[in-house]
1. Looking at region 1-42, which of its residues are outside any helix (DSSP H, G or I) and in contact (Cβ under 8 Å) with a residue 24 or more places away in the chain?
2. Looking only at residues in region 66-89 that are of a type in the set (Asp, Glu) and over 11 Å from the mean Cα position of the chain (by Cα), which one is surrounded by the most Cβ atoms within 10 Å (Cβ to Cβ)?
3. Considering Arg86, Arg46, which residue is at pLDDT below 95, over 26 Å from Glu2 (Cβ atoms) and touching an Asp or Glu at 6+ places or on another chain (Cβ under 8 Å)?
4. Please find, within region 5-39, the residue that is farthest from Glu79 (Cα to Cα) out of those that are of a type in the set (Lys, Arg) and buried (at least 16 other Cβ atoms within 10 Å of the Cβ).
5. Among the residues of region 1-21, write down those that are more than 17 Å from Glu69 (Cβ to Cβ) and either more than 15 Å from the chain's Cα centre (by Cα) or of a type in the set (Asp, Glu) (or both).
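The values are calculated or read from the model by the stated rules, or taken from the named source; none is laboratory data. Here the structure is a predicted model, which is why all the values come from computation and not from measurement. Note: ideal-geometry Cβ built from the backbone for every residue, glycine included; neighbour counts use all protein chains shown.
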Amino acid sequence: MELKNFMEDIVLSKMEEVLRQYPNCCTCENCKRDIAILALNHLPPRYISTEKGQIFARVESMGSEYAVETVTQIADAIEIVMAHPRHEANK
């Protein structure tokens, strides 16, 4: 049995959309990974292990309150990474 945090898919699918709102944010792989990690650490996990669970998680993720919280956490994470990038400014 394989476990998966479905929230990872949600954050990664919405992150590019939210990043477009922050043209001054670095989009290197390190910064994008840091953004995703920060957002995921502030969102409840949604673990699935079956196809039925994946379908249920997708339906649940379509709720507007759920989407707003995900986007809010991504935006907050972007602000933190922009203020404290973990690499040189010239990258």
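1. Taking region 1-42 and keeping what is outside any helix (DSSP H, G or I), we get 1-5, 20-28, 42.
Met1, Glu2, Leu3, Lys4, Asn5, Gln21, Tyr22, Asn24, Cys25, Cys26, Cys28, His42 - these are the residues of region 1-42 that are outside any helix (DSSP H, G or I) and in contact (Cβ under 8 Å) with a residue 24 or more places away in the chain.
2. Restricting attention to region 66-89, the residues satisfying the condition of being of a type in the set (Asp, Glu) are 69, 76, 79, 88.
So of that shortlist, the ones also over 11 Å from the mean Cα position of the chain (by Cα) come out as 79, 88.
Details: Glu79: 14, Glu88: 6.
So, considering only residues that are of a type in the set (Asp, Glu) and over 11 Å from the mean Cα position of the chain (by Cα), the one surrounded by the most Cβ atoms within 10 Å (Cβ to Cβ) is Glu79.
3. Values: Arg46 fails: over 26 Å from Glu2 (Cβ atoms).
When all the criteria are applied, what remains is Arg86.
4. Lys14
5. From region 1-21, those more than 17 Å from Glu69 (Cβ to Cβ) are 1-4, 16, 19-20; that's our starting set.
Those that are more than 17 Å from Glu69 (Cβ to Cβ) and either more than 15 Å from the chain's Cα centre (by Cα) or of a type in the set (Asp, Glu) (or both): Met1, Glu2, Leu3, Glu16.
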